Amino acid sequence: MPKLRKPRPKAPPAPKSLHRPEYTAVLDGLRELREEADLLQVELGKKLRRSQSYVSMAERGAIRLDALQLRDWCKACGTTLSAFVARLEATWDD
């Protein structure tokens with residue numbers, strides 16, 4: 001007869017990044033990058049070969065950008081991914 005294992009206590013779930021204040025800073029940063037580059041959503045969409053609604057959805061958090069898409073966004077706005085990340089890091093409290 002197999003020995004029954006004692007169940008391990010479960011750790012509380014980690015908060016989803018969508019609900020963290022840092023994620024709001026990322027979304028605000030995307031919009032600020034675009035506005036500082038003096039681009040309308042439709043203009044940034046053209047640079048990215050995407051639609052205006054794609055830009056809007058990304059800025060609102062309806063879709064999430066992967067690292068390559070984020071890099072393209074930064075480049076289209078005249079900056080680098082590392083500069084964007086440094087800017088975000090400066091706003092976050094650890």
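No other residue among R31, R8, R87, R20 is touching an Asp or Glu at 6+ places or on another chain (Cβ under 7 Å) and basic (K, R) apart from R31. In region 40-62, the residues that are without any contact (Cβ under 8 Å) to a residue 40 or more places away in the chain form Cβ pairs under 7 Å with partners that are in a helix (DSSP H, G or I) and of a type in the set (V, I, T), at six or more places apart or across chains, as follows: Q41/V55; L44/V55; G45/V55; Q52/V42. Scanning region 36-81 for residues that are under 22 Å from W92 (Cβ atoms), surrounded by 13 or more Cβ atoms within 10 Å (Cβ to Cβ) and of a type in the set (D, E, K, R) yields a total of 3.
Bear in mind these aren't lab numbers, they're just calculated from the coordinates by the rules spelled out. None of the values given here were measured: they were computed from a predicted structure. When we count neighbours, we look across all protein chains shown, and the Cβ atoms used for this are built from the backbone with ideal geometry, even at glycine.
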